[in-house]
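Report on the following structure.
The values are calculated or read from the model by the stated rules, or taken from the named source; none is laboratory data. Given the structure is predicted, the values throughout are model-derived calculations rather than measurements. As a convention, Cβ positions derive from the backbone with ideal geometry for all residues, glycine included, and neighbour counts pool all protein chains shown. The accessibility values were calculated without ligands, DNA or RNA, using every heavy atom of the protein model including side chains. Shrake-Rupley method; radii C 1.70, N 1.55, O 1.52, S 1.80 Å.
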Amino acid sequence: MDKSAALKELVDNPVSRRDFARKTIIGGIAAGAGIALSGNLTEVLAQGITDADILNFALNLEYLEAEFYTVATTGRRIADVGVGITGTGRAGVTTGGAQVALDSRSGTVASHITGDEQQHVRFLRAALGSAAVAKPDINLEALGIGFRSQGEFLTLARAFEDLGVSAYGGAAYLIQNPDILTAAARIGLTEAQHAGVLRLLVSDNQLRVPGVDEFDILPLMSPGGRLFQVDGNGLSTIRTAAQVLKAGGAFFPSGVNGTIK
Amino acid sequence: MDQHSDFLARVENLVSRRTFAKLAGVGSAGLMIGGAGAARAQAITDVDILNFALNLEYAEAEFYTVITQGRTIDQLGIGISGVGTPGPTVGGSRLNLTGVLRGVSEELANDERQHVLFLRQALGSAAIAKPALNFAVAGITNQASYLNIARILEDVGVSAYGGAAPLISDKGILGAAARIALTEAYHAGNLRLQAAQAGIPGGAVDSIDVVNKYFTTDAQGLSKTRTTSQVLGLVFLNATPGTTAGGLFPQGVNGTIRTV
């Protein structure tokens, strides 16, 4: 069977997988001589967060990115171009945004990224099957910028990609199933490639950008900026789901769909 | 305990458990693999995977440090001793880089040196030594040829970490490996854009390589991955199964995962 169908099979059996996850993680911690992970995993266990919950959280972010890039590059919304948005939870509307005039280089980059983000939505929806959340309400102009110039577009795009990278990086260790982990890792690595490009475009365009929160490492040209969203140990920035929602929640006026909210 | 110290503690604990397992005569947990011609199956541990990555990080850190400073990482005080066969670095020399690539290369060099330091500290006495490295095979004569090789190295790193992610058992180690991998992907995105702008020619270096668009994604938007065999086949410049040395690593890599 193909990969998407295999993932969907795994996702469709949440109850037994939840029990399996508890036993594996707890067993692993016990074998590790009682060294506790950060509080995040304990909370996750207590709530019985599943791989499907994590993928659905990511799907909310992918809906947002796909919508942003599709509107910015074509003026159309993802539902208009054949990307599914229905699922569990209420299917919301997307407001705001407009097509942006981009130069040749930024325009080509944007079109490549748009393709990737639409594919991420399709992939996660296929993997989750009937468990996939619907696209929530999205307000693309929640921060008041993004669509009036190339500079605004690059500024907002940079923020979205770095936020997404930190979400995948922060969630990696919570995923139980190896195939789902592989999929999430490959999506996260794509977002980091996007972010690497956008951070270079931001500095090449001489843009100073605002930080989204206290964890943000700004690109060059901005205070304390550097090329890569990486700390002094060479490790990329990570955020918990709560931190991601605090930084980007304004784009979801009715909140995100799914368990992790 | 902060996340950094927590990670180190978990890896150090794993190292001592592995030693205990060997003494007690039991196999360590992990994925069973059967290498070509191997007399018995070997169990791959998280330590094995981190050491495999450390070979690549040594190569990247050394490469960028030689190119940007004309020095080797041990000359900068970074430890290179450890388990396995140590070796010298030959080939490559300082380039007087200009433009955006200069600042990028300095930041790349710094990140990769940090990766070496991080992995060595986490692995402790289980860390492999830096193997012999040969940069002469890269044929770098100018900025463009350097950018081409750097692009390939970062892409190899991204694909290697992506391929290894599901093999890692310990969640603390997985979390740290994910952050190193994502850093390599940031690097790759940047270099791929520069390579595209510079019109760097050249076809794909293997069947996994992507050269016709900005990102190393397949039709589903997923970053491509390589198995350890595919990674070694590329860096050895010899994809024949059973190969254990060549190309960038004239005496092979150190650690358990060493064969195409």
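Computed from backbone phi, the HN-Hα couplings of segment A:103-112 come to 6, 4, 5, 4, x, 5, 4, 4, 5, 5 Hz, rounded to whole numbers (Karplus: 6.51 cos²θ - 1.76 cosθ + 1.60, θ = phi - 60°; Gly and Pro given as x). For the chain pair A and B, the interface hides roughly 4700 square angstrom of accessible area in total, found with a 1.4 Å probe.
Of the solvent-accessible surface of segment B:48-102, computed with a 1.4 Å probe and all protein chains present, 52% belongs to carbon and sulfur. Distance between the modelled labels on B:Val83 and B:Thr98, one decimal in nanometres: 4.8 nm (7 Å Cα→Cβ projection).
Accessible area per residue for segment B:135-199, computed on protein heavy atoms with a 1.4 Å probe, is 24 Å².
Beyond 30 Å between alpha-carbons counts as too far, so tell me which of B:Lys171/B:Lys213; A:Lys246/B:Lys213; A:Lys261/B:Lys171 fall in that bin. Over 30 Å apart, Cα to Cα: B:Lys171/B:Lys213; A:Lys246/B:Lys213. The amide H of B:Ala132, built 1.01 Å from its N in the peptide plane, has B:Gly87, B:Gln251 as neighbours under 5 Å, considering only residues 5 or more places off or on other chains. Karplus-derived 3J(HN,Hα) values for segment B:174-180, using 6.51 cos²θ - 1.76 cosθ + 1.60 with θ = phi - 60°, are 4, x, 6, 4, 4, 6, 5 Hz; glycine and proline are entered as x. Taking the chain by itself as reference, segment B:169-189 contains these residues with an accessible-area loss of 50 Å² or more in the full protein complex (1.4 Å probe, heavy atoms): B:Lys171, B:Arg179, B:Leu182, B:Tyr186.
Taking the simple approach of a point 7 Å from Cα along Cα-to-Cβ for both B:Asn212 and A:Thr88, what is their distance in nm? The modelled label-to-label distance comes out at 3.9 nm. Phi angles of segment B:87-94 translate, via the Karplus equation with coefficients 6.51, -1.76, 1.60 and θ = phi - 60°, into HN-Hα couplings of x, x, 10, 10, x, x, 7, 5 Hz per residue; Gly and Pro are given as x. Cβ-Cβ distance of B:Ser125 and B:Val90, R₀ of 30 Å, FRET efficiency by 1/(1 + (r/R0)^6): the value works out to about 0.60.
The distance linking segment A:103-136 with segment A:190-252 is 20 Å (Cα centroid to Cα centroid, whole angstrom).
As a calculated quantity, the FRET efficiency between B:Leu76 and B:Ala239 at R0 = 45 Å, using C-beta atoms, amounts to about 0.85.
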